[in-house]
Amino acid sequence: MTLKVGVIGTGMIGQDHIRRLTHVVSGAQVVAVADAEQAVAEKVAANLPGARVHTTGAEVVADPDVDAVIVCSWGPTHEEYVVASVDAGKPVFCEKPLATTTDACLRIIEAEGRAGRRLVQVGFMRRYDADYRALKQVVDSGAVGAPLIFHSGHRNPSVPAHYTKDMAIVDTAVHDFDVSRWLLGEELAAIRVIAAKPNSQGVDLQDPLLMIIETTSGVLVNVETSVNIRYGYDIRGEVVGESGTAALAERGPVVLRSAGSVGVAVPQDWRERFIAAYDVELQEWIDEVSAGADPTGPSSWDGYAAQVVCDAGLAALYGGERVEIRLVDKPALYT
């Protein structure tokens, strides 16, 4: 069976997913697209034989030929399109954020509650990265004992001029928040945010930031965001356990020894680092929903929990205090 997919949002990430669906993964066909910029959607559709261009995302959801929806539009529009998809009984893959407010996330959770099933998957692709999956397997095996500390580093060579210190939390560290919850298997309970001496290369930007997070059982998570570090896109992760440590390996297929030094190549952006994870993420989603199963990847609850942590992180950033992370009771649908 070929899963007929409608894509809402044909900007950079939308186009990348369309490329992936068309040329990389199997079992899916893009049959409808829409974008706030009609001309962009039409240009993309020109390379998709038989695909229809709709004027709104709502029309994509309502299209009877669309089996499942991928939402890659502007964040504030996510709630509308995800809820519409759930109400239509169509599986929906939503790029992060699930929604831009906790109330909007909760309304999506309520929609799934009315449907009585999970239909939503959120695009937290790190859970599909081979290195992170290997790290989780080691942690779950007990090989390093009970986790006590998780170090998570998120480094960018540079960021655009419009990047703000809020974005270091809601756009950058949000991935670290989600992977921490997934890797440790528990919720995050409180957060502090400490600003370091500013990097002089980040004009008018408070960078780097260090976030100290407590889980419900007392594991400490520290998240470093350094978004003007110049040398490359470098993702770090190490679990310190009671009887050992486990860390993400250095990247690069070759260790080069030359001119009195030794080193490996460093990715230059997020697409290079996580391209395989995006492929696996969409392939597993296609396989599950094509078989009529509910998606098992990051859920609406995960999207909601990440948004609550982001809100608490922003409060801690501006208030300078430890902020508790308070979640509503978890619906049985997600347990």
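Read-outs throughout are calculated quantities, based only on the coordinates presented, and are distinct from any laboratory measurement. In this text, all values refer to a predicted model and were calculated from it rather than measured experimentally. No Cβ is skipped: glycine too gets one built from the backbone with ideal geometry, and neighbour counts run over all protein chains shown.
Among 78, 162, 151, 17, a tally of other beta-carbon atoms within 10 Å of each Cβ gives an order, fewest to most, of 162, 151, 17, 78. When each pair of different Cα atoms in the chain is counted once in the 1/r mean, what is the Kirkwood radius in angstroms, to one decimal? It is 20.9 Å. For the chain, take the longest principal axis of its alpha carbons; what is the angle in degrees between that and the long axis of helix 78-87, to the nearest 10 within 0 to 90? The angle comes out near 50 degrees. When the P(r) is computed for region 209-260, the part past 18 Å accounts for 54% of the Cα-Cα pairs. Going 7 Å from the Cα of residue 106 toward and past its Cβ, which residues in region 304-335 have a backbone nitrogen under 13 Å from where you end up? Residues 304-305, 308, 326-331 fall inside that zone. In the frame of its principal axes, region 17-79 has Cα extents of 30, 23, 22 Å, reported largest first. Put simply, region 1-152 fits an ellipsoid with semi-axes of 31, 19, 15 Å; these come from the alpha carbon gyration tensor as the roots of five times its eigenvalues, largest first. For region 163-256, relative contact order (Cα pairs under 8 Å, six or more residues apart, normalised by length) works out to 20 percent. Computed over the Cα atoms of region 73-208, pair by distinct pair, the Kirkwood hydrodynamic radius stands at 17.4 angstrom. Each Cα pair under 8 Å and six or more residues apart adds its separation to the average, and for the chain the resulting relative contact order is 19 percent. Listed cross-link partners 96/165; 43/90; 96/330 are compared with a 23 Å cut-off, the Cα-Cα value being larger for 43/90.
222 nm [θ] for the chain, helices only, -39500 (n - 2.57) per DSSP H run of 4+, per residue, to 500? That comes out to -10500 deg cm²/dmol.
Diagonalising the gyration tensor over the Cα atoms of region 80-139 and scaling each eigenvalue by 5 before taking the square root yields semi-axes of 26, 12, 10 Å, largest first. Remark: region 219-335 carries a charge dipole of roughly 520 debye about the Cα centre, counting +1 on each Lys and Arg Cβ and -1 on each Asp and Glu Cβ. Quick note on region 258-335: its Rg to Rh ratio, both from C-alpha atoms and Rh being the Kirkwood radius, is 1.17. Size of region 184-316: Rg and Dmax of its alpha carbons, in Å, are 18.6, 57. When the Gaussian network model of the chain links Cα atoms closer than 10 Å, the mean-square fluctuations of 229, 213, 109 top out at 229.
Write out the trypsin sites (Lys or Arg not before Pro) in region 87-155 meeting two conditions: DSSP loop, and at most 16 other Cβ atoms within 10 Å of their Cβ. Passing both the DSSP loop test and the Cβ count: 117.
Rounded to the nearest 10 degrees, the angle from helix 102-115 to the longest Cα principal axis of the chain is 50 degrees.
At 7 Å along the Cα-to-beta-carbon direction for both residue 194 and residue 330, put a label point, then send me their distance in nm to one decimal. Here the modelled spin labels are 3.0 nm apart.
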